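Derivation of every value follows stated rules applied to the coordinates shown; laboratory data play no part. All of these numbers come straight from a predicted model, not from anything done at the bench. Neighbour counts are summed over all protein chains in view; Cβ atoms, including those assigned to glycine, are modelled from backbone coordinates with ideal geometry.
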Amino acid sequence: MVSTTAVFLFMFLSFNFFISFNEADFGLTFVKISGFLVYIFLIAVIIGCYAALESSSWQATIGKKIAGVRVCDKQGYKISLLRALARATCKIVFLNFFLTYIFAFFNQRKRALHDIIANTLVVKAT
């Protein structure tokens, strides 16, 4: 949750930075388009980092590793890169609407929306 909050703040601040230029700097259209492309690139890098770490032998991001939890499938095995990409994409997309963690409060296994969609679990590391 800490790493996700940090990512959200980074995304929010970087997006606001790129669209905050005024028209006299480069031309408003150029700045909006280039800022949007940089924002999309940053999101792709963040999703790639999440997916690479969660599908690696660590099975966790740095924050999850510190917290002593890991991401696995329902049988407890390491998830594939494709499943990790789907999980990370859902996390970032739904994080912008704060929907992903609301689901954890309303289901018995405390799974977030991105875990339900990717069919994954977050369990204590052994």
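Fully extending the segment from Phe105 to Leu42, taken as 0.36 nm per residue of separation minus the present Cα-Cα distance, adds 19.7 nm. For Lys78 and Val123, the difference between the fully extended length at 0.36 nm per residue and the C-alpha to C-alpha distance is 15.0 nm.
Counting only residues at least eight positions apart within a chain, or on another chain, the lysines with an alpha carbon under 29 Å from that of Lys74 are Lys64, Lys65, Lys91, Lys110, Lys124.
Looking at segment 47-92, the chymotrypsin sites (Phe, Trp or Tyr not before Pro) that sit in a DSSP loop and have at most 15 other Cβ atoms within 10 Å of their own Cβ are Tyr77.
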